[in-house]
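Comments concern the structure below.
The values are calculated or read from the model by the stated rules, or taken from the named source; none is laboratory data. Small disclaimer: the values here were computed from a predicted structure and weren't measured. Here the Cβ positions follow ideal geometry from the backbone for every residue, glycine too, while neighbour counts run over all protein chains shown.
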Amino acid sequence: MKTFHCRSAFISDVHLGTPDCKADYLLDFLRQLRCEKLYLVGDIIDMEALARRPWWQPRHTAVLAEVLALARRGVEVTYIPGNHDAPLRALQGQDFAGIRIALDAVHVGADGRRYRVSHGDEFDPGHVGRGWMLHLGDAMHRFISWGNRRLHAVRQRLALPYLPLSIIIKSHVGKALAYIRAYEERAARAAHEQGFDGHICGHIHFGQVRQIGTVLYLNDGDWVEHCTALVEDHTGAMELLHWSEQATALGRASRELVLPSPAAALALAPLAMTQPDLGALHLAA
Ligand SMILES: [Mn+2]
């Protein structure tokens with residue numbers, strides 16, 4: 001069996017309990033994963049969606065079983081609940097079968113760099129109109145997820161590799177991109193002010209490895225659309241990994257290498273009307 005070795009792995013925004021969760025790819029990743037530390041950086045179980053509509057599949061149970069198996073094998077597992085699994089925040093400080101629950105954490109890299117780890121919803125814009133923004137964001141997210149599911153179903157029938165539709169959409173909507181950039185800068189500023197070398201979070205479903213000033217901003221992405229994990233090797237190097245049919249290092253490669261031919265994707269994507277300017281977006285620092 002193939003294995004994937006690293007020192008630490010960070011995953012978030014899995015949204016177990018929703019049909020959008022790419023549980024099969026995540027299971028494949030977790031089964032191959034050999035690491036010392038695993039951080040679950042929030043929105044792992046979507047309790048908010050479950051409260052609205054109970055929905056669960058055996059493969060979602062399998063994901064949890066795999067995490068428990070890693071903890072049993074001696075992996076240090078930290079679960080930092082997010083806004084979709086916020087009720088678990090009440091259990092901070094407790095230990096469940098080797099899984100430590102915490103509001104946030106400090107990760108010390110193999111190279112000595114100190115990172116603050118949190119889900120990241122604390123960096124949402126907190127000013128007036130926030131409720132509005134959240135509702136709008138939620139509706140938009142559901143719409144994108146729906147389009148993404150349809151696209152993925154078509155691609156699977158054609159035996160094409162998984163393609164995250166929202167990369168195309170988000171790359172296009174200037175406002176979305178500006179929102180993401182501002183979010184990243186808020187997170188980096190907070191880390192800088194608190195004297196950290198970097199910040200590791202999730203929440204906005206936009207994986208990133210980006211140097212902002214003196215701070216390394218790392219976002220581990222999600223398992224709803226992009227299927228990404230942040231991994232640290234034994235030298236302390238951080239890398240954003242895309243894991244589906246073929247594992248790809250996003251932190252070191254441009255998106256063109258990750259995404260199959262945009263022309264082929266567009267032929268299948270009625271939602272993406274214009275030619276995606278993939279070159280405008282770089283995940284690499
Ligand atoms: Mn979140």
Open item on the list: On the basis of being in contact (Cβ under 8 Å) with a residue 60 or more places away in the chain and not charged (D, E, K, R), does Thr18 make the cut?
Closed with: yes
Task: Meets criteria (surrounded by 14 or more Cβ atoms within 10 Å (Cβ to Cβ), at pLDDT below 95 and among the aliphatic types (A, V, I, L, M)) for Ala110 - done: yes
Open item on the list: I need a count of the residues in the range 56-101 that are hydroxyl-bearing (Ser, Thr, Tyr) and touching a Lys or Arg at 6+ places or on another chain (Cβ under 9 Å).
Closed with: 2
Open item on the list: Against the condition farther than 18 Å from Leu26 by Cα and within 14 Å of the ligand (Cβ to nearest atom), how does His107 come out, does it pass?
Closed with: no
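Considering every residue within the range 236-245, establish whether at least one is in contact with a helix residue (DSSP H, G or I) (Cβ under 7 Å, 6 or more places away or on another chain), away from the ligand (no atom under 16 Å from the Cβ) and in a loop (DSSP other than H, G, I, E, B). Outline the logic, then answer.
If we filter the range 236-245 for residues that are in contact with a helix residue (DSSP H, G or I) (Cβ under 7 Å, 6 or more places away or on another chain), which is where we start, we get 242-244.
Okay, now just the ones that are also away from the ligand (no atom under 16 Å from the Cβ), so 242-244.
From what's left, in a loop (DSSP other than H, G, I, E, B): 243-244.
Among the residues of the range 236-245, at least one is in contact with a helix residue (DSSP H, G or I) (Cβ under 7 Å, 6 or more places away or on another chain), away from the ligand (no atom under 16 Å from the Cβ) and in a loop (DSSP other than H, G, I, E, B), which makes the answer yes.
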- [ ] Determine the pairs where a residue that is farther than 26 Å from Arg89 by Cβ, located within the range 109-121, has a partner that is within 16 Å of the ligand (Cβ to nearest atom) with Cβ atoms under 7 Å apart, the partner being 6 or more residues away or on another chain.
- [x] none
- [ ] Please find, within the range 38-76, the residue that is nearest to Val108 (Cα to Cα) out of those that are in a loop (DSSP other than H, G, I, E, B) and in contact with a Ser or Thr (Cβ under 8 Å, 6 or more places away or on another chain).
- [x] Val41
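Kindly establish whether Gly93 is at pLDDT 95 or above and within 12 Å of the ligand (Cβ to nearest atom). Quick ask: steps written out before the conclusion?
Details: at pLDDT 95 or above: yes; within 12 Å of the ligand (Cβ to nearest atom): no.
Taking the combined requirement at face value, the residue does not satisfy it.
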Task: Qualifying positions in the range 37-49 - crowded, with 23+ Cβ neighbours inside 10 Å and out of contact with any strand residue (DSSP E or B) (no Cβ under 7 Å at 6 or more places or on another chain) - done: Gly42, Asp43
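Among residues belonging to the range 1-37 that are of a type in the set (Asp, Glu) and in a loop (DSSP other than H, G, I, E, B), point out the one that is farthest from the ligand (Cβ to nearest atom).
Pass one, the range 1-37, residues of a type in the set (Asp, Glu): 13, 20, 24, 28, 36.
Among the residues that remain, those that are also in a loop (DSSP other than H, G, I, E, B) are: 13, 20, 36.
Working: Asp13: 6, Asp20: 13, Glu36: 26 Å.
Of everything passing the filter in the range 1-37, Glu36 is farthest from the ligand (Cβ to nearest atom).
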- [ ] Return the only residue of Arg34, Arg73, Arg52, Arg59 being touching a strand residue (DSSP E or B) at 6+ places or on another chain (Cβ under 8 Å) and surrounded by fewer than 23 Cβ atoms within 10 Å (Cβ to Cβ).
- [x] Arg34
TODO: Could you check, for the range 46-69, whether at least one of its residues is among the hydroxyl-bearing types (Ser, Thr, Tyr), away from the ligand (no atom under 16 Å from the Cβ) and within 18 Å of the chain's Cα centre (by Cα)?
DONE: no
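Out of curiosity, is His84 within 16 Å of the ligand (Cβ to nearest atom), in a loop (DSSP other than H, G, I, E, B) and under 26 Å from Thr235 (Cα atoms)?
On the way: within 16 Å of the ligand (Cβ to nearest atom): yes; in a loop (DSSP other than H, G, I, E, B): yes; under 26 Å from Thr235 (Cα atoms): no.
Taking the combined requirement at face value, the residue does not satisfy it.
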Task: Filter result (of a type outside the set (Phe, Trp, Tyr) and touching a residue at least 60 places away in the same chain (Cβ under 8 Å)) within the range 242-252 - done: Ser244, Glu245, Gln246, Ala247
- [ ] From Leu271, Leu278, Leu241, grab the single residue that is modelled with pLDDT under 95 and under 18 Å from the mean Cα position of the chain (by Cα).
- [x] Leu241
Open item on the list: Given the options Gly74, Gly112, name the one that is over 30 Å from Ala182 (Cα atoms) and away from the ligand (no atom under 16 Å from the Cβ).
Closed with: Gly74
- [ ] Residues being touching a strand residue (DSSP E or B) at 6+ places or on another chain (Cβ under 6 Å) and in contact (Cβ under 8 Å) with a residue 60 or more places away in the chain: count how many of those fall in the range 170-200.
- [x] 7
